[in-house]
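A quick write-up on the structure given underneath.
The values are calculated or read from the model by the stated rules, or taken from the named source; none is laboratory data. Only a predicted model underlies this, so the values are computations on that prediction, with no experimental measurement involved. We place every Cβ from the backbone using ideal geometry, glycine too, and count neighbours over all the protein chains shown. To get the accessible areas, we keep the full protein, side chains included, count just its heavy atoms, and leave off ligands, DNA and RNA. Shrake-Rupley method; radii C 1.70, N 1.55, O 1.52, S 1.80 Å.
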Amino acid sequence: MKKILKNLKLETKLSVCLILMSLIIVGLFSVFLINAINNNNRANIIWKINSATEPLFASIEGLSFEIGRTNVVLSSNEQISINNKNFIINRQAQVDTNIAIALERLNDIDPSLAKSLVTDYNNYLKLRNDASAEFDKNSKDRNQLIRREWLGKSTDFMFNIKNIIVSLRKKEQTTDLYNLYQRFQLDCLEFRIYSGYSSSVLTASLSAGDKISTDNYNEFFDTRLKADYIWNHIESEITEFKKENLLIKRDIIYNQYYNSYRPLQDKILKKSLNNSVAKTDIDLLSQNSIPAFDSIFQLINEVSNENKKFVMQKKEEASLELNIALIGFTFVILFLFFTWQYFKINLFQPLKIIIKYLKIILNGQKVQELEYYIQRNDEIGMLIEAVKKLQSTMQEEIRLKQFHEKMVVTDKLTG
């Protein structure tokens, strides 16, 4: 090995060193660049996922209000009022608009999830049309099977949307705030579904004018207990964020739902057991349900805004990291290229020329092109100057040799 290295030209040794150095530097910067590309791609995926989940959350918000009010209308002994009809139509528009946006964004992320949502949405639209057809009928002519089907299947549709959000979140699992925000939003969403379901069961039972049945009574308390369990989880989770705006929204929910709406529920439920519930009580219950449940979505939307800021920040950081990596990688490539060119022009080529000139000089010939290189003030210039002196010395030796040879064969007197 040592013999092989000893026999290698200086140019070859230097070239190998430069190549190895270049490969090491390029390798290190390639790792940095690849990490930056992966981080940027991941940030873009999270951004897309978050953009798709936003309209899904908004569609569930519209659905939750539409489901509850439609269930109450279908249970009522009266025809639908203008206010209720407008309320339901507005919520339906909210659902349709956000589902359309979500489907467009889902197709770009996961077409299979988009296809699943289309199927569920079409089934929901059919269910919605069946329910709407019952609105203007007299209570005795309404199909009560449709009311029960509406409450069960439309609630299932909300959970299906929630499951799509969960599937999207699993596509990019993280341990940072993004994951905490998403998980917290889903808990708030589940709290809204169960609390809203229990409210709808109670209000619908009271609107029917009958004494609340044992099944409805049990269903009401069962779903309300589920909501309370999730709320306890929300209370412990929200302290992790340490954000005053989220704590304010939490307090609003507690005041609107637990301090105001829930006592009203209990009060009217107690009256219903004595068959003394008036229509004004039912209207009061419906009116108070709106701010109570709106406050839950205010917290969800506030968390969504915080999550959006966080995702945007990560996206900008990843983009900046990628730009720095690209600039750095480009600079390294250019640096290595110009370094190679510098060695080639200022070292390798002059050394080749010096060797070439030395061979010519050793063969007794004269070289005329040395003046340019002598002007250099570095080691190459010194070598060329030495070569020129060697050439002068050898030319003088040749001249003297030729003179002596001539003198040997020439008579001094006769010439």
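Taking only DSSP H segments of four or more residues, each worth -39500 (n - 2.57), what value at 222 nm results for the chain once the sum is divided by all its residues, to the nearest 500 deg cm²/dmol?
Counting only the DSSP helices, I get -29000 deg cm²/dmol.
Top to bottom by accessible area (1.4 Å), largest first, where do MET394, MET21, MET382 land? The partial results should precede the final answer.
Values: MET394 40, MET21 80, MET382 125 Å².
Result of the area sort, largest leading: MET382, MET21, MET394.
Which of the helices in the chain meet the span-like rule: DSSP H, Cα axial reach of 24 Å or more, Kyte-Doolittle mean at least -1.0?
On the way: long enough: 10-75 (96 Å, 0.86); 82-109 (40 Å, -0.18); 111-132 (31 Å, -0.64); 144-170 (39 Å, -0.19); 177-207 (44 Å, 0.12); 214-238 (36 Å, -0.96); 279-343 (95 Å, 0.27); 379-408 (43 Å, -0.32).
Membrane-span-like by this rule: 10-75, 82-109, 111-132, 144-170, 177-207, 214-238, 279-343, 379-408.
Sorted from largest down, what three extents in whole angstroms do the Cα atoms of the chain have along their principal axes?
So the extents along the principal axes, rounded to whole Å, are 161, 40, 39.
Once the piece of chain linking ASN44 and GLU385 is laid out straight, how much longer is it, given 0.36 nm per residue of separation minus the C-alpha distance between them? The partial results should precede the final answer.
Numbers: separation 341, 0.36 × 341 = 122.76 nm, distance 6.24 nm.
Stretched fully, the ASN44-GLU385 segment lengthens by 116.5 nm.
What figure in square angstrom, to the nearest 10, would you give for the accessible area of LYS153 with a 1.4 Å probe?
Near enough 110 Å² of accessible area.
Over the Cα atoms of region 116-250, what Rg and Dmax result, in angstrom?
18.2, 55
Show TYR261, TYR254, TYR194 ordered by accessible area, largest first, where the area counts protein heavy atoms only and the probe is 1.4 Å.
From most exposed to least exposed: TYR254, TYR194, TYR261.
If you roll a 1.4 angstrom probe over the protein chains with everything in place, what fraction of the accessible area of region 108-262 belongs to carbon and sulfur, to the nearest %? Provide the component values of the computation, followed by the final result.
Values: 3480 of 7380 Å².
Using a 1.4 Å probe with all protein chains present, region 108-262 comes out at 47 percent carbon and sulfur.
Take each of the peptides 300-307, 122-129, 23-30, average the number of other beta-carbon atoms within 10 Å over its residues, and list them starting from the highest.
Working: 300-307: 19.5, 122-129: 14.9, 23-30: 12.9.
Per-residue mean Cβ counts within 10 Å order the peptides as 300-307, 122-129, 23-30.
With all distinct Cα pairs included, what does the Kirkwood hydrodynamic radius of region 271-359 come out to in Å, to one decimal, could you say?
Working: mean 1/r = 0.0482 Å⁻¹.
Taking the inverse mean of 1/r over all distinct Cα pairs, region 271-359 comes out at 20.8 Å.
Percent of accessible area on region 275-325 owned by carbon and sulfur, 1.4 Å probe?
That fraction is 51 percent.
Just to confirm, what accessible area per residue do you get for the chain at 1.4 Å probe, in whole Å²?
Numbers: 23340 Å² over 415 residues.
On a per-residue basis, 56 Å².
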